[in-house]
Amino acid sequence: MGKDYYKILGIPSGSNEDEIKKAYRKMALKFHPDKNKDPNAEEKFKEIAEAYEVLSDPKKRVIYDQYGEDGLKTGGTGSSSGQGTTYHYTFHGDPHATFASFFGGSNPFDIFFGSGRQRGTTNGTSDHVGDHDMDIDMDGDDDPFSSFSHFGFSGINGFHHGGGRRHRNEPLHSSRRKVQDPPVVHELKVSLEEIFHGCTKRMRITRRRLNPDGRTMRTEDKILNIVIKRGWKEGTKITFPKEGDETPENIPADIAFVLKDKGHPLFKRDGSNIIYSAKIGLKELLFGKHHHR
C-alpha cells in the first residue's frame, strides 16, 4: 500500500492550501534534523517534504487522490513501442531543498539559534542546538517565530508564518548567490528490441517555473523527447540541463534518465553480447544441434 500523505502531514483529505502549508511548516520544524535528534528524523523529514510537494501541487494532488502513491509515480498512458506519452513523478529526494524553498532560501534554525549540524571553528570547538531547543508544537502560542513580530519582524526572507511570500520590492537576501539543485534522476526501462533498433521515448514532466515578475511561480507540463540510439548500454545517462523546478532562490536542477534493461523471456544482454540459455542432453552435447529462435 502506498504512503498516506495526508496522514504524514496530520491533516484530513479535504484540507485547503493554507492548511497544507501550516501542517508542513509545523511538521518540518518538528522533525528537522537540526533540531530533532531521533535517528529516524531524517527519513520522517523526507516523507514530510514529499507529502507537501504532492499535496501543494493541484495536478499531482488530483492524481494522488484518485490513484494513490503508486498511481502518481507509475500512472499515465504509454505504449509498448516507446512512442507513447507517460506521466511520471518522482520526488527529487532533497527535503532540505523543499524546506529552504518554503522559507525563502533560509534555514530558521541558522537565523535564530545556529545550525544543529556541527560547525568547526578556529579553536576546534563546535556549537549545536540542544535536544530541547525549539521542542514545540506550532499551533497557537507555541510558534517560535511569533515573538519576533514584537520587533517589527514578520517573516523569514519574505515569508509569513503560513509560508506565503510577502509582497515587497526586494527580498531580505537579494544578494544571495543562486545554487543549482541536485540532479533529478529517473530510471528508464528499455526492451532489447528498442535497443536493437533505437527509439525515441516521450516523457511528460510537471515542474514549477518562474513567472516574468521573477517572484511568483506557475506549474507547467513539458514533454521531453529522449532519443535512445541503437546499441546503448544499460547505465547510459541522458541529461536535460536545467529542466527541473525553478524558484527565485535556485537554479533549476538537471533532469537525467538512466537506461535500465527490461527482462526478456529468451535472451539476456551482457554488454554488447546477447546470451541465450538452453538445456541440452548428452547426445546434443556430443554431436551438436542447432537451436532456432
(message) Lys73 - would you say it is of a type in the set (Lys, Arg), over 21 Å from Phe103 (Cα atoms) and touching a helix residue (DSSP H, G or I) at 6+ places or on another chain (Cβ under 6 Å)?
(response) no
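What are the residues in region 255-275 that are surrounded by fewer than 18 Cβ atoms within 10 Å (Cβ to Cβ) and touching a residue at least 60 places away in the same chain (Cβ under 8 Å), if any?
Ala256, Val258, Lys260, Asp261, Lys262, His264, Phe267, Arg269, Ile274
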(request) Could you list, in sequence order, all residues of region 30-64 that are surrounded by 16 or more Cβ atoms within 10 Å (Cβ to Cβ) and either more than 19 Å from the chain's Cα centre (by Cα) or not in a helix (DSSP H, G or I) (or both)? (result) Lys30, His32, Pro33, Asp34, Lys35, Asn36, Ser56, Asp57
(message) Would you confirm whether or not region 242-258 contains a residue that is of a type in the set (Gly, Ala, Ser), in a loop (DSSP other than H, G, I, E, B) and within 27 Å of Ala100 (Cβ to Cβ)?
(response) yes
(message) Anything in region 8-29 that is farther than 15 Å from Thr98 by Cα and of a type outside the set (Val, Ile, Thr)? List them, or say none.
(response) Gly10, Pro12, Ser13, Gly14, Ser15, Asn16, Glu17, Asp18, Glu19
(request) Consider Lys201 carefully, then state whether it is outside any loop (DSSP other than H, G, I, E, B), in contact with a strand residue (DSSP E or B) (Cβ under 9 Å, 6 or more places away or on another chain) and without any contact (Cβ under 8 Å) to a residue 60 or more places away in the chain. (result) no
(request) Determine whether region 222-241 contains at least one residue that is over 18 Å from the mean Cα position of the chain (by Cα), among the hydroxyl-bearing types (Ser, Thr, Tyr), surrounded by 12 or more Cβ atoms within 10 Å (Cβ to Cβ) and part of a loop (DSSP other than H, G, I, E, B). (result) yes
(message) Please determine whether any residue of region 36-44 is among the hydrophobic types (A, V, I, L, M, F, W, C) and in contact (Cβ under 8 Å) with a residue 24 or more places away in the chain.
(response) no
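Quick note: the coordinates plus some simple rules give every number you see, no bench work behind them. Only a predicted model underlies this, so the values are computations on that prediction, with no experimental measurement involved. Cβ sites come from the backbone with ideal geometry, for glycine too, and all protein chains shown count toward neighbours.
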